[in-house]
1. For the range 50-106, what is the accessible area per residue in Å² when the probe is 1.4 Å?
2. For the pairs LYS37/LYS104; LYS37/LYS109; LYS14/LYS93; LYS39/LYS85; LYS52/LYS104; LYS52/LYS93, flag any whose C-alpha to C-alpha distance is greater than 31 Å.
3. So which chymotrypsin sites (Phe, Trp or Tyr not before Pro) in the range 34-130 are both in a DSSP loop and have at most 14 other Cβ atoms within 10 Å of their Cβ?
4. Cα centroid distance between the range 91-143 and the range 54-89, in Å?
5. If I model a spin label as a point 7 Å beyond the Cα along the Cα-Cβ vector, how far apart are those points for HIS107 and ASN149 in nm?
Amino acid sequence: MVNFTVDYNNTFGKAVEEAGSYNVKIMDSSTAKQTKKGKEMAVLNYEVLDGKYAGAAIRYHNIVWDDSTEEALSLSIKRLNTLMKAIGAEDGKQVNATMEAIVKQLHGKKLNITVDWEQSDYNGKWNLDVKSQQELKEKSEPNGVFRPNGTKKAAETSTNPFGNSNQSKQEATNPFEQTTLENTDPFAKNSTTIDIPDKDLPF
């Protein structure tokens, strides 16, 4: 006999509908890929831990390791340091591993992320984009800002909630962003798996 109560809050496919700050864990579906330019990239998926969106996923946060220039390398290190601090990794620990090994160790780690709506340059749709990562907070805090209507480019519509609609993607204050070519391909094939001992990782 089947016996249960219909509960709209206990379903698959639940979605986060507001921007804000969320306590999350890094899902096992997070993986390492390569960009079209061959750079290592972490593709992180998050599951909300508490509040009205508990169980919902925020997907496809791409963090690219770019060591092509000194400036790019410095930014890549800072992005990963921000993530490591947020999950409580050991300060001062040297990391020498593939992105795949790092992502594997990130599975299940908990942190807080701040997300806001950003319009895709590819299809004009609005999606939640990770703006910052920090340690867990007391609770998740949706901010009441829902997905903007329409799919026109931000420069062509008044529904952009971020101020100057002519501001380019490169000018946005998102420390985790990469260029469009390197931040929109979570489906590229990954390189061969390389096993890195856990002792070489800081968490």
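1. Values: 3180 Å² over 57 residues.
Per residue, the range 50-106 has an accessible area of 56 Å².
2. Values: LYS37/LYS104 23 Å; LYS37/LYS109 29 Å; LYS14/LYS93 37 Å; LYS39/LYS85 23 Å; LYS52/LYS104 28 Å; LYS52/LYS93 37 Å.
Cα-Cα > 31 Å for LYS14/LYS93; LYS52/LYS93; rest within.
3. Details: sites: TYR46, TYR53, TYR60, TRP65, TRP117, TYR122, TRP126; in loops: TYR53, TRP65, TYR122.
When the chymotrypsin sites (Phe, Trp or Tyr not before Pro) of the range 34-130 are filtered for loop state and at most 14 Cβ neighbours within 10 Å, TYR122 remain.
4. 7 Å
5. 4.3 nm
The values are calculated or read from the model by the stated rules, or taken from the named source; none is laboratory data. Values in this document were obtained by computation on a predicted structure and should not be read as measured data. Neighbour counts are summed over all protein chains in view; Cβ atoms, including those assigned to glycine, are modelled from backbone coordinates with ideal geometry. What goes into the accessible areas is simple: the full protein's heavy atoms, side chains included, and nothing from ligands, DNA or RNA. Shrake-Rupley method; radii C 1.70, N 1.55, O 1.52, S 1.80 Å.
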